[in-house]
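Inspection log for the structure reproduced underneath, given as structure tokens.
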Amino acid sequence: MGITARGVGLLVAAVVLLGAGFRFAYPELTLLGAAAGAAVGYAALVAAWRPRLAVTRRADPDRVARGEPASMTLTVRNTGRLRSANLLAEDRCGERSVPVPVLRLRPGRDTEVRYDVPTHRRGVVPVGPLRVTRRDPLGLVALARPYGASVPVWVHPRIHPLTAVPRGSGRSLDGRVDGVPHGSITFDSLREYVVGDELRRVHWRTSARVGELMVRENVDTSLPRLVVLLDNRAAAHPQRVGGVAESFESACEAAASVVTAAHRADLPVVLLLAAAQPDAEAEAGTPGGDAEVGPVLGPLDRLAAAELSGDDGAVRSATTRLRQDRLGDTLIFLTGPGGRDELGHVGALRGAYPSVVVGVFGAAEPTPPGAAGLVVVDAADGAQFAAEWDGVRRW
């Protein structure tokens, strides 16, 4: 609860009048002081009355690419038995406030407001809660309360179409076979039979030994597994335009384009951030899956929430983990002009990852040819990286 400047002045006047009235025995001053104090007390009681409002939100849509339109529909319903007074309400939308008129709603009635959500920048835009301010008629006391929960709107990086993705490579008795569209049938493990499994996949010898049907699980060894490592160190993206590192935004667009193209081609892909963030070290999806990370976040959501970190040794730590875990066979490292000093650590992964491609964004000068023996793409933005993707693929 906050007392306005008018309320503070009246309260001070009440104290002075009461003091002077009692001190000098002037009942008129005492009466005026008591009336002023009673007015402030009445204003506090009026402002403390809590209107019963139900707030619901609907984002349309709640996930968009950068620059695409998105809107929020806010509905405020009077769930009380009395008509609500005229209230001052503001809804938070990112860094700005949106006025919401709540004008003497009857019981059971609602009012609806629709407004645009800013999507000119990648990120997570928090919308809400609604702040309702209750004032007394004299404007002495104002009390603001939050209503409803905050709803995020995910602004994903732009996705640029890639015309090709890696194809599989399998092995047979005649040697190496390239471009295997459906993979191979290498045995991986056994599991219990479930209704719907093909009987030709039942391993009868093991089933007879354990007393229940066991089914062979095969792994597709020909499909390449892509690993996208995004350099989110602040040192890798030193240039700022209006407080925004455009090279990092371009790297996020390139990462989103690669991940999306891989999922459309049903290829396994892993998205990693060099500097770990919540849910940033999980797998981005499996072929034919829903590309979710954990219970909530998918790879595009994680890219929307990605922020720069001050951990300068993040790339070295990430390459050490990649060497130990060997999450795939194709590594795509995306960085800014300040990340070229770490290409030696990335190049050391060529033994564990046969194909390594590096994307450097926003550099004033091209990367020296043959840097660390890697295939390097110098691109001004994500669109240029997508345009040059086919020309540099060496899978």
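Derivation of every value follows stated rules applied to the coordinates shown; laboratory data play no part. Everything numeric in this text was worked out from a predicted model, so none of it was measured. For neighbour counting, all protein chains shown are included, and Cβ atoms are generated from backbone atoms with ideal geometry for every residue, glycine included.
Ordering GLY347, GLY313, GLY336 by the projection of their Cα atoms onto the charge dipole of segment 303-350, which places +1 on the Cβ of Lys and Arg and -1 on the Cβ of Asp and Glu, puts GLY347 at the extreme positive end.
Size descriptors for segment 46-103: radius of gyration and Dmax over Cα atoms are 14.5, 46 Å. Find which of LEU74, VAL46, VAL102 sits farthest along the positive direction of the dipole of segment 46-102, computed with +1 on the beta-carbon of Lys and Arg, -1 on that of Asp and Glu, about the Cα centre. With unit charges placed on the Cβ atoms, the residue in question is VAL46.
In a fully extended conformation the segment linking LEU190 and THR73 would gain 37.0 nm over its present Cα-Cα distance, using 0.36 nm per residue. Label-to-label distance, ARG96 versus ARG83, with points set 7 angstrom from Cα along the beta-carbon direction: 3.4 nm. Report the calculated FRET efficiency for ARG52 and ALA13 (r = Cβ-Cβ distance, R0 = 30 Å), to the nearest 0.05. With a Förster radius of 30 Å, E is 0.30. When peptides 43-52, 138-147, 195-204 are sorted by average Cβ neighbour count within 10 Å, with the highest value leading, the order is 138-147, 43-52, 195-204.
The phi torsions of segment 125-135, fed into the Karplus equation with coefficients 6.51, -1.76 and 1.60 and a -60° offset, translate into couplings of 9, x, 10, x, x, 6, 9, 9, 9, 9, 10 Hz, rounded to whole numbers, with Gly and Pro shown as x. For segment 314-377 and segment 49-109, what is the centre-to-centre distance using only Cα atoms, to the nearest Å? Segment 314-377 and segment 49-109 have Cα centres separated by 48 Å. Sorting the segments 262-274, 149-161 by their residues' average number of neighbouring beta-carbon atoms within 10 angstrom, most packed first, yields 262-274, 149-161.
Would you mind calculating the gained length between GLU198 and ARG264 on full extension (0.36 nm times residue separation, minus the Cα-Cα distance), in nm to one decimal? Please list the in-between numbers first.
Working: separation 66, 0.36 × 66 = 23.76 nm, distance 2.67 nm.
Once the chain is fully extended between GLU198 and ARG264, it gains 21.1 nm.
If R0 is taken as 41 Å, the Cβ-Cβ distance between VAL375 and ASP62 corresponds to a FRET efficiency of 0.65. Close amide H partners of ALA89, meaning residues 5 or more places away or on another chain with modelled amide H under 5 Å apart, are VAL100, VAL102, THR133.
For segment 79-124, the Cβ-based charge dipole about the Cα centre amounts to some 160 debye (Lys, Arg positive; Asp, Glu negative; other atoms uncharged).
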